[in-house]
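Worksheet: one structure, shown below.
The values are calculated or read from the model by the stated rules, or taken from the named source; none is laboratory data. These numbers come from a predicted model, not from an experiment. Cβ atoms come from the backbone with ideal geometry, glycine included; neighbour counts cover every protein chain shown. These accessible areas exclude ligands, DNA and RNA; they are computed on the full protein's heavy atoms, side chains included. Shrake-Rupley method; radii C 1.70, N 1.55, O 1.52, S 1.80 Å.
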Amino acid sequence: MNEPQPLPQRQIDADDSDDMPTVPIPARKVVTTFDAASRHERIEIKPPLIRFCRRAITHGFGIWLRFSTALVRRLNWYPRVEPYVGYGTEHYSRLICRTVFGPFKRQAGRLTRGIRGMLTIPSPHTKVRIAIDDVPLETVQVGISEVYDQVDRSRDVSSEFAASDSAGYLDLVAEHSLEPGIHNVSYRVRSRKPVTASLFTIPSGTKVGVISDVDDTIMVTQAPSLMKAAYNLLLLDPKKKVPVPGMNLLFNRIADMFPDAPFFYLSTSPWNVESSIRHFITYHGFPEGPLLLRDLDPRPKTFIPSGVQHKLEYAEQLMADFPDMKFILIGDDGQKDPTTYATIAKRYPGRVLAVGIRQLSPRESAGGLGTVAGFAATQPMPVTDVPIFAGTTGSNLMKTMMPYLKQQLDQ
């Protein structure tokens, strides 16, 4: 495995040495969620023309990746880690990060415009050293995920490093014993100082959790309008992003009612803009929690997962991660969240406590040349056994949703 050498003009700091505790945290084998091909998404079931087009785009992406990698190496850019917030219980943690190229002065997680994040160049197959609260993670590398999730037996060995995939992503599950609360995870690549991210350790007995969409649910992006959504995602100053009125109040009321409830922000936005959404959540007073975003790099097996499929797969992952937890699902009616959440409730009877749908205004859901298909606000909500609450603002939702949740809490 090729690995860039340290810059000749840079001396490695003393704290960059490999002095770490010798009792490692083991990591068990998992299939990365970034390339978990569902039956409906696999490329081999698509019509021939779609298969041809997708493979052509994937091949073109590979050419661009090789060209851009060679270019940034000539600019003396070297791999760094973009750490993402992890989650888990007292017994395991799900850790997610991405290795990308950048100059040495570039800080991980820095707030930038979306267009800059989208132009990030991944650093594939890069070795990463990971530690939880300064205790190293001993990883088990599970092959090349793009090859139909087959295990590469030659890599099935314990190691102090883990290697990112062809798009720079790394997704691991660590087995350990941690106290509930927020812990610290550090990631380090060669010739770089460690970068850190929070790890939300959720008590395994927690009964209620929240899964929320981001675009047009907590943050105004006008996602049904393609042109407006592209502007808000790529060009708008992240500090000027506007919250949906009253949603932070609703979320904090839910957090007060269920103090142990974790908040998972499940969005079809790309990982490239994770820092922008993270800063938005913090700045506008929403409860902190892991972000579960989408990989937009085309893959040989799945190409780019659809928004609906992405949410379904991650929701199923959370259902499996927390088998005793019931979830409150919150979304909007601009990108098929009502039908997606109804599907989740049908697949997991008794696991969904309530569904809250923020209704877009006619202006937000207006059609035209810049509009993509969505679930219009004027269309009826799907029929489901789970109560669905709808409102145009967080305050509207709170008036109807909170009394029901209080009733469930008292039972």
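Put simply, of LEU250, LEU293 the only residue that is at negative phi, open to solvent by less than 30 Å² (accessible area, probe 1.4 Å) and at pLDDT 90 or above is LEU250. Within the range 25-44, does at least one residue satisfy the condition of being modelled with pLDDT of 85 or more, within 30 Å of ASP133 (Cα to Cα) and open to solvent by less than 60 Å² (accessible area, probe 1.4 Å)? No, the range 25-44 has no match at all.
Applying the condition of being under 30 Å from ASP324 (Cα atoms) and outside any strand (DSSP E or B) to the range 47-95 and asking which residue is least open to solvent (accessible area, probe 1.4 Å) yields THR89. Residues in the range 231-247 that are open to solvent by less than 40 Å² (accessible area, probe 1.4 Å) and out of contact with any Ser or Thr (no Cβ under 6 Å at 6 or more places or on another chain) were compared, and the one that is modelled with the highest pLDDT is MET247.
A quick yes/no check of all residues on (1) charged (D, E, K, R); (2) modelled with pLDDT of 90 or more; (3) closer than 23 Å to LEU318 by Cα; (4) outside the structural domain of MET325 (by the TED database):
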position: VAL135; (1), (2), (3), (4): no, no, no, yes
position: THR139; (1), (2), (3), (4): no, no, yes, yes
position: PHE161; (1), (2), (3), (4): no, no, no, yes
position: GLU175; (1), (2), (3), (4): yes, no, yes, yes
position: SER186; (1), (2), (3), (4): no, yes, no, yes
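On the given criteria, is ILE130 modelled with pLDDT under 85 and either outside the structural domain of PRO290 (by the TED database) or loosely packed, with under 15 Cβ neighbours inside 10 Å (or both)? The answer is no for ILE130. Residues in the range 319-337 that are surrounded by fewer than 23 Cβ atoms within 10 Å (Cβ to Cβ) and in a helix (DSSP H, G or I): MET319, ALA320, ASP321.
Look at VAL355 and say whether it is at pLDDT 75 or above and in a loop (DSSP other than H, G, I, E, B). It is false that VAL355 is at pLDDT 75 or above and in a loop (DSSP other than H, G, I, E, B).
Under the condition of being at pLDDT below 70 and in a strand (DSSP E or B), the residues counted in the range 112-127 number 0.
Selection of the range 188-225 for residues being in the same structural domain as THR392 (by the TED database), farther than 24 Å from ASN252 by Cβ and either modelled with pLDDT of 85 or more or assigned to a strand (DSSP E or B) (or both) yields only SER225. Every listed requirement among (1) modelled with pLDDT of 60 or more; (2) closer than 21 Å to TRP271 by Cα is met by GLY109 save one, (1).
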